[in-house]
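Here the structure is laid out as structure tokens; the discussion comes afterwards.
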Amino acid sequence: MMAPARSSDPAGGRAATYSGPVEDYLKVIYELERCGDGGTAATSDIAHRLDIAPASVTGMVRRLAEQELLKYEPYRGVRLTKAGQHVALRTIRHHRIIESFLSHVLGYRWDEVHWEADRLEHAASDALIDRMAAALNEPTADPHGAPIPTREGALNEPRCVPIADLRPGARARIVRVSDPDPARLRYLAELGLVPGAIVVVAVRAPFDGPITVRVGSGPPAVDCVIGAALSHGVFVDPIEAKGK
């Protein structure tokens, strides 16, 4: 059944709420649309992100299309409708507010909050999320720097590029980092590669090789060497582009 799993909350919670798997699909499709070249999500990519068999994804996508939450054309990809985007952004807001609450109020480390938020995002009402946001003084980004959608479903994504795209000598401020891998987050914290940190690309090896990054506006600044996979998951705002 793809019908809403819960009715609207009489205490002012979520109306027309969908099941956790539906919300997961829509959230993943939204994220794939944002990073894809054509603005669509391939069913193979959805299957990979959700760790589900492609045949199962095709069946779910067709059912979600029947509910007008997305548009699906075989071999051409999936695109969310306005209704699907609303559900996806609401789920993303829940996830990132919960991460922020766990981090800032309950003292969770930034490498502990993602999986907890994954479990809680579907159960929390809009009213609870709004109260959490108010208690946090309406945060605009989660502990990893990802922007938080507003109650109305607006998402202001700051301009940023991976460190991998910077040339030697470029100076930038870290905006956000990829968050699913706890071990990677712990390692980034050890290196000081966290949102808000100032970095300068000192040396980069050719052919997508390792990059030497100076962390901090210094002195004392610290040099660290990061590989290609890590450098593609740390997103920065180039300061030189602003004329600073």
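Looking at Val175 and the list (1) more than 24 Å from Glu99 (Cβ to Cβ); (2) buried (at least 18 other Cβ atoms within 10 Å of the Cβ), which single condition is not satisfied?
Condition not satisfied by Val175: (1).
Of all residues in the stretch 80-131, how many are over 14 Å from the mean Cα position of the chain (by Cα), surrounded by 19 or more Cβ atoms within 10 Å (Cβ to Cβ) and closer than 22 Å to Cys35 by Cβ?
So the count comes out to 4.
Name the residues in the stretch 167-213 that are among the acidic types (Asp, Glu) and free of Cβ contacts under 8 Å to residues at least 40 places away in the same chain, would you?
Here is the first cut: in the stretch 167-213, the residues among the acidic types (Asp, Glu) are 179, 181, 190, 208.
Residues satisfying the conditions are Asp181, Glu190.
Would you say Pro180 is assigned to a loop (DSSP other than H, G, I, E, B) and either β-branched (Val, Ile, Thr) or farther than 23 Å from Arg34 by Cβ (or both)? Before the answer, list the steps.
Values: assigned to a loop (DSSP other than H, G, I, E, B): yes; either β-branched (Val, Ile, Thr) or farther than 23 Å from Arg34 by Cβ (or both): no.
When the stated conditions are applied, Pro180 does not pass them.
Can you tell me which of Leu120, Leu155 is at pLDDT below 95, touching a helix residue (DSSP H, G or I) at 6+ places or on another chain (Cβ under 9 Å) and closer than 23 Å to Leu26 by Cβ? It would help to see each step written out before you state the result.
Details: Leu120 fails: at pLDDT below 95.
Going through Leu120, Leu155 in turn, just one is at pLDDT below 95, touching a helix residue (DSSP H, G or I) at 6+ places or on another chain (Cβ under 9 Å) and closer than 23 Å to Leu26 by Cβ: Leu155.
Kindly indicate whether Ala135 is within 30 Å of Ala42 (Cα to Cα), of a type in the set (Gly, Ala, Ser) and either in contact with a Phe, Trp or Tyr (Cβ under 7 Å, 6 or more places away or on another chain) or assigned by TED's automatic domain parsing to the domain that holds Glu23 (or both). Don't jump to the end; show me each part of the working.
Numbers: within 30 Å of Ala42 (Cα to Cα): no; of a type in the set (Gly, Ala, Ser): yes; either in contact with a Phe, Trp or Tyr (Cβ under 7 Å, 6 or more places away or on another chain) or assigned by TED's automatic domain parsing to the domain that holds Glu23 (or both): yes.
In short, no.
How many residues does the stretch 45-66 hold that are touching a residue at least 12 places away in the same chain (Cβ under 8 Å) and within 26 Å of Arg96 (Cα to Cα)?
8
Kindly indicate which of Gly216, Gly196 is under 26 Å from the mean Cα position of the chain (by Cα) and loosely packed, with under 13 Cβ neighbours inside 10 Å. Give the derivation first.
Details: Gly216 fails: loosely packed, with under 13 Cβ neighbours inside 10 Å.
Sole residue among the options that is under 26 Å from the mean Cα position of the chain (by Cα) and loosely packed, with under 13 Cβ neighbours inside 10 Å: Gly196.
The values are calculated or read from the model by the stated rules, or taken from the named source; none is laboratory data. If you're wondering where the values come from, they're calculated on a predicted model, not measured in any experiment. We place every Cβ from the backbone using ideal geometry, glycine too, and count neighbours over all the protein chains shown.
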